[in-house]
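Participant: Have a look at this one.
The values are calculated or read from the model by the stated rules, or taken from the named source; none is laboratory data. Since this is a predicted model, take the numbers as computed values, not measurements. We place every Cβ from the backbone using ideal geometry, glycine too, and count neighbours over all the protein chains shown. Please note that ligands, DNA and RNA were not included when accessible areas were found on the heavy atoms of the full protein model with its side chains. Shrake-Rupley method; radii C 1.70, N 1.55, O 1.52, S 1.80 Å.
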Amino acid sequence: MKLLVTGGAGYIGSVVAALLTEAGHAVTVLDDLSTGHRDAVPEGASFAEASVFDAASVLGPSYDAVLHFAAKSLVGESVQDPAPYWRTNVAGTLALLEAMRGHGVRRLVFSSTAAVYGEPAAVPIPEDAPTLPTSPYGASKLAVDHLLRGWAEAYGLGAVSLRYFNVAGAHGRFGERHATETHLVPNLLRAAAGGGEPARLHGTDYPTRDGSAVRDYLHVLDLADAHLRALEAVRPGVHRVYNLGTGSGSTVREVLGAVRRVTGLPVPVEEGPRRPGDPAALIAAGDRARTELGWKPHRTLDETVSDAWAFTRRPGSPS
C-alpha cells in the first residue's frame, strides 16, 4: 500500500513507519520536526517536512491510507497551556480529514490514548467505560474520536482509534528522544546511568501489591504491531475503538526492579507523597483487540527495558 504517516519522525510514529517500510509498503512520513527527528525517518521512506495542516499538499488520490501520530502529548503542559493542544490535535486532525476527503483517501488509523477515560471507576478499562478526560490533552484526543465517528457516518471514512497508556522500549535505532522526558522508563534509565537527578517515586501507600502505583506498559513493537493489524481491519463507513493493554500492568517498584536487573546498576530513588489526581491503577483492557485484531502483547517488562537501555547506549542517543 501507499501510506502517509503523520508524525512519523517521532517515537511511536518512527517505529511504525519502519515496520511498514520493512513490510514492503510505500511510506511517506509527514512531520514538522517540532518534536521529531529527521534521522528517525526510516530508510526507504519518503519525507515531507510539513505540518499536518499542510497534508493536502502531500496527499494524493494514489494513497491508500493514513496513520496519524502527529499530536502534542504532554498532560501537564496541556493543563498549563491548552491552546496548542486544541489547535494541533483537533484543528490539525480536522485539516487532515478534509485533505483525505478531498483526495478520496478513506482509511485512517488514529493513535489515541486511554487518557480519554480520566480516572476510571474500575480496571482494566474496557472500551465502553465512561470517557471523562481530566486534561485538555485527553479531551482533545476524545474530540478527534467524535470527528472520526461523524466522518465515518457522513462521508464513508473507515477509521480505527487505538487507545493505550504507557509505551516503552525501542526498535534498533528508533527510540525515545523527548526534549522534555516525562516517562518512567527513560527517566529511570537516565538515573541508572548517572545522567540526571535521582528518579522520583510518587506515592508509596497506594492499595496495590507493593504500595506504588500500577501502570500499563507496552513494548513499542507490540504497539506498532497493533497499528499494522488495525490498518488491515479498517472498513469503509465504520469507526472502531480498541484499547491496548496487558490487562495486569506493572507497579512503579516492579519497573524499577526491571531497570536494576537489566542495567546491573543501582538506581537512586527519592520517595515522595502521591501526586494529586494520580489514580492507584491505570490498566487498559485488550480483549476486543485480541478478539477482532488477533493482537496481544508478547514482550515482557524486562525485554522492554532491555531494548530501551540498548537504545540509550547507541552513539548519539540520549543517556
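Participant: Check every DSSP H run in the chain and write down those whose alpha carbon atoms cover 15 angstrom or more along the long axis and whose mean Kyte-Doolittle hydropathy is 0.0 or greater.
Facilitator: Long hydrophobic helices here: 11-22, 92-103, 220-233, 252-263.
Participant: So for the pair SER248, GLU197, with labels modelled 7 Å out along Cα→Cβ, what separation do we get in nm?
Facilitator: Calculated label separation equals 3.4 nm.
Participant: Write out the GluC sites (Glu not before Pro) in the range 1-92 meeting two conditions: DSSP loop, and at most 15 other Cβ atoms within 10 Å of their Cβ.
Facilitator: Sparse-neighbourhood loop GluC sites (Glu not before Pro): GLU43.
Participant: Under 22 Å Cα-Cα from LYS141, which lysines qualify once same-chain neighbours fewer than 8 residues away are excluded?
Facilitator: LYS141 reaches LYS72.
Participant: Hey, another quick one. Rounded, prolate or oblate: which one fits the range 31-143, using the alpha carbon gyration tensor with axes a ≥ b ≥ c (rounded when a/c is under 1.5, else prolate when a/b beats b/c, else oblate)?
Facilitator: Judged from the Cα gyration tensor, the range 31-143 comes out prolate (a/c at least 1.5, a/b above b/c).
Participant: Mind checking the full-extension length gain between LYS296 and ARG261? Use 0.36 nm per residue of separation minus the Cα-Cα distance, one decimal, nm.
Facilitator: Roughly 10.1 nm would be gained on extension.
Participant: Report relative contact order for the range 100-245 in percent, whole number only (criteria: Cα-Cα under 8 Å, sequence separation at least 6).
Facilitator: 35 percent
Participant: Which entry in (i) 294; (ii) 120; (iii) 130 matches volume of the Cα convex hull per residue in Å³ derived from the coordinates of this structure?
Facilitator: (ii)
Participant: Based on DSSP H runs of at least 4 residues, each adding -39500 (n - 2.57), what is the mean residue ellipticity at 222 nm of the chain after dividing by all its residues, to the nearest 500 deg cm²/dmol?
Facilitator: Using -39500 (n - 2.57) per qualifying helix, the result is -9500 deg cm²/dmol.
Participant: Ok, one more. Within the chain, what whole-number % of the accessible surface is contributed by carbon and sulfur, with the 1.4 Å probe and all protein chains included in the calculation?
Facilitator: 50 percent
Participant: Looking at the square roots a ≥ b ≥ c of the eigenvalues of the Cα gyration tensor of the range 9-58, which shape do they give, rounded for a/c under 1.5, prolate if a/b is larger than b/c, or oblate?
Facilitator: Oblate, because a/c is 1.5 or more while a/b does not exceed b/c.
Participant: Which residue, SER46, SER111, SER248, tops the fluctuation ranking in a GNM of the chain built on C-alpha contacts under 10 Å?
Facilitator: Sorting by GNM fluctuation, first place goes to SER46.
Participant: Still on this structure, please answer the following. Charges only on Cβ, +1 for Lys and Arg, -1 for Asp and Glu: so what's the dipole of the chain about the Cα centre, in debye to the nearest 20?
Facilitator: The dipole magnitude comes to about 260 debye.
Participant: Pull out the extension gain between GLU271 and ARG313, defined as 0.36 nm times the separation in residues minus the alpha carbon to alpha carbon distance; nm, one decimal.
Facilitator: 12.4 nm
Participant: Estimate the FRET efficiency between ASP278 and SER57 by the formula 1/(1 + (r/R0)^6), using the beta-carbon distance for r and 45 Å for R0, to the nearest 0.05.
Facilitator: Between ASP278 and SER57 the formula returns 0.60.
Participant: If each of VAL79 and ARG38 carries a label point 7 Å out from its Cα toward its Cβ, how far apart are those two points in nm?
Facilitator: For VAL79 paired with ARG38, the spin-label model returns 3.7 nm.
Participant: Right, next: Which whole-number value in Å² is the accessible area per residue of the chain, probe 1.4 Å?
Facilitator: Solvent-accessible surface per residue comes out at 42 Å².
Participant: Using alpha-carbon pairs under 8 Å, 6+ residues apart, how would you state the relative contact order of the chain in percent?
Facilitator: Once divided by the residue count of the chain, the mean separation gives 19 percent.
Participant: Along the charge dipole of the chain, Cβ charges K/R +1 and D/E -1, which of GLY249, THR291, PHE47 sits furthest on the positive end?
Facilitator: Going by the Cα projections, it comes out as THR291.
Participant: Additional query: Apply the a/c threshold of 1.5 to the C-alpha gyration tensor of the range 174-286 and tell me whether it is rounded, prolate or oblate.
Facilitator: It comes out prolate by the Cα gyration axes.
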